[in-house]
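Remarks on the structure that follows.
Computed from the coordinates by the stated procedures, all read-outs in this text should not be read as laboratory data. Values in this document were obtained by computation on a predicted structure and should not be read as measured data. When we count neighbours, we look across all protein chains shown, and the Cβ atoms used for this are built from the backbone with ideal geometry, even at glycine.
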Amino acid sequence: MNVGQDIIDSTKEVFSTMLMIELEVVEVIEGRGGDIPANITSMIGLGKDIRGMLAVHCPAAVAKGITGTFLGMEVEEIGEDVKDAIGEIANMVAGNLKVSFAEAGKDIELAIPTTIIGESFRTSGMSGAQRVVVQFSMNDDLFMIELKFR
Amino acid sequence: MGKNVLLVDDSSTMRKIIGRSLRQAGLDFDNIFEAGDGIEALEVLEKEDIDIVLSDINMPNMDGISFLREKSTRDGIKDIPVLMISTETGDDIIGEAKSLGAVGAIKKPFTPDKVNEVLGPLL
């Protein structure tokens, strides 16, 4: 199973189907932590055969762009609609990854998304966990999908 | 069309997207009702004349499976069809939903065409 490619395929399908946006992959990063340059992050816990977390990290411009496209309106501030929309992106990407893991014989359960607002935070935790981060470009703005699991 | 639909999802954004997809698919309901979980959905079903329900599975308070189970015990609403619309696609959970009366399932992400393909024949 190529987890990085599965994240790419899962995320691209969500954006092309629900937002009519074709994403470009900028970079796939494996195995190292670091600062996350994001204003809004939505996380979903994974359980059962695979334990970990999937996170969508977005700067404000991307988060507002996604929400505006979802709702068909201009979005000017990071509010409940934005938190809700990024949570749904995380939910759908995780749902697609669940299918990929199932095809590899791993059954996973998804929690309900949790969304936080902040700036430049660092993630840590779970010793021995694998970490894969994919950076995407959406209309020249960057955002990241991070998967930590073991 | 003269029909009413109830959208059940804890995400208000997703409820708006589904509502828009129904319109884009040419499925013009008279009224689109919304609920944020199974508990709210049961309240709407008891009060309003709903023809079909589109429900998520993973929701707080009362999830889609518990909603189906509770609905199946209430005489006045148990025969209203429910279509699941969820990231959950596993045979086990969809099978459980169908055993509790769900008439089908749509996987998120979805297109208006997919909504029409699955929902259209049920109306």
Set A:K98/B:K108; A:K12/A:K106; B:K78/B:K114; A:K12/B:K108; A:K98/B:K107; B:K16/B:K107 screened for pairs whose C-alpha atoms are more than 19 Å apart: A:K12/A:K106; B:K78/B:K114
Most fluctuating residue given options B:G90, B:G101, B:G64, as computed from a GNM of chain B linking Cα atoms under 10 Å: B:G90
Relative contact order (%) - chain B, alpha-carbon pairs under 8 angstrom, separation at least six: 25 percent
From phi via Karplus (6.51, -1.76, 1.60), per-residue ³J(HN,Hα) for the range A:97-114 in Hz, x at Gly/Pro: 5, 4, 5, 4, 5, 4, 5, 8, x, 10, 9, 10, 10, 10, 8, 7, x, 10
Taking only Cα atoms of the protein assembly as shown, radius of gyration then Dmax in Å: 18.7, 57
Rg followed by Dmax, in Å, when the range B:26-94 is reduced to its Cα trace: 12.0, 34
Sites matching GluC sites (Glu not before Pro) across the range A:1-110 that sit in DSSP coil, with at most 16 neighbouring C-beta atoms within 10 Å: A:E22, A:E74, A:E76, A:E77
For the range A:44-60, Karplus couplings with θ = phi - 60° (6.51, -1.76, 1.60), whole Hz, Gly/Pro x: 10, x, 10, x, 6, 5, 10, 10, x, 8, 10, 10, 10, 10, 10, x, 4
Loop-resident sites, the range B:1-74, for GluC sites (Glu not before Pro), counting at most 16 other Cβ within 10 Å (DSSP): B:E48
Relative contact order %, chain A, counting alpha carbon pairs below 8 Å whose residues are six or more apart: 38 percent
Restricting the range B:35-123 to trypsin sites (Lys or Arg not before Pro) in coil, as DSSP defines it, with at most 15 other Cβ within 10 Å: B:R74, B:K78
Estimated vicinal HN-Hα couplings, Hz - the range A:136-150 in sequence order (Karplus 6.51, -1.76, 1.60; Gly, Pro = x): 10, 10, 10, 6, 6, 9, 9, 8, 10, 10, 10, 10, 10, 7, 8
The range A:82-114-the range B:15-85 distance, computed between alpha-carbon centres (Å): 22 Å
Formal net charge of residues neighbouring B:I94 (Cβ-Cβ distance under 12 Å; K, R +1; D, E -1): -2
